[in-house]
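This report concerns only the one structure given below.
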Amino acid sequence: MRTACWQNRESRRRPWTSRLAGRRPAGVLCEIVSGERVGAIADESIEFAERHGLGVISIADLAQFRRRTEPQVVRSAETLLPLGAGTSRVIGFRDTHGGGEHLVAIIGTADSDRPMPLHVHVECLTGDVFGSLGCRCGDDLHRAVTTMTARGSGMIVYLRPPGPGGLSTRAALGERVSQIVAWILRDLGVHSVRLSDDAPGFGLVMFGAIREHGLVAAQRRVLAVAG
């Protein structure tokens, strides 16, 4: 198998293409030079590969493929947690990349005939703990718990974002968060969900990730506290 990788020096340490092809995890690193600069840019690398009959794949493509095919979380703990709105089943998950911890609160029971209401919440210390008026995070979380308890069914996925050195763009964070949520749903055996409209605003990325895993995501709904 002959493949050209570009875009990241991680290729020196992680010959993922060899592993994916079922071969020994080994490869040869060869930097393509340019007549105008030391290293060739992406377009020049692609042109070189086409001229010599090589396949081309970026490290970003490999990372995305691994996120979709290799479990991104493992279940670590489970307990019953008494909340102000009632007792919930809480399950802890550990991130396989970086060891971050996430929580899932399951309120009531899932109805196989209807999508499970789902609220995805990214940790916000100032909003969740101190009730900051500078964001709506704490209010969104409280509303989700109260509304799902009143309806007798729902799931809240509470995620911790990457720390220093983590993902730097909203698009990358959206993709990462969405894949984590999809793997959590698969682990819990939840195949159909209805996303709340105040889930973290990653839009179609979340829907796409869930559906890529063979799960069903119904259209979003705004959570309103039942009167």
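The values are calculated or read from the model by the stated rules, or taken from the named source; none is laboratory data. No experiment lies behind these values; they were computed from the predicted model shown. We place every Cβ from the backbone using ideal geometry, glycine too, and count neighbours over all the protein chains shown.
Assorted remarks:
- Residue 152 vs. criteria surrounded by fewer than 20 Cβ atoms within 10 Å (Cβ to Cβ) and either within 22 Å of residue 176 (Cα to Cα) or touching a helix residue (DSSP H, G or I) at 6+ places or on another chain (Cβ under 8 Å) (or both): no
- Yes/no for residue 91 being of a type in the set (Val, Ile, Thr) and either assigned by TED's automatic domain parsing to the domain that holds residue 160 or farther than 30 Å from residue 30 by Cβ (or both): yes
- The single condition among (1) without any contact (Cβ under 8 Å) to a residue 60 or more places away in the chain; (2) buried (at least 18 other Cβ atoms within 10 Å of the Cβ); (3) part of a helix (DSSP H, G or I) that residue 139 does not satisfy is (2).
- Top-ranked residue of segment 107-120 - restricted to ones that are in a strand (DSSP E or B) and more than 19 Å from the chain's Cα centre (by Cα), ranked as farthest from residue 180 (Cα to Cα): 108
So that you can scan it fast, the table gives a plain yes or no per residue for (1) over 16 Å from residue 161 (Cα atoms); (2) modelled with pLDDT of 90 or more; (3) surrounded by 13 or more Cβ atoms within 10 Å (Cβ to Cβ):
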position	(1), (2), (3)
68	yes, no, yes
84	yes, no, no
87	yes, no, no
90	yes, yes, yes
93	no, yes, yes
98	no, no, no
103	no, yes, yes
118	yes, no, yes
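- Number of positions in segment 121-136 that are buried (at least 16 other Cβ atoms within 10 Å of the Cβ) and part of a loop (DSSP other than H, G, I, E, B): 2
- Residues within segment 64-106 that are in a strand (DSSP E or B), touching a Ser or Thr at 6+ places or on another chain (Cβ under 9 Å) and over 27 Å from residue 146 (Cβ atoms), tallied: 2
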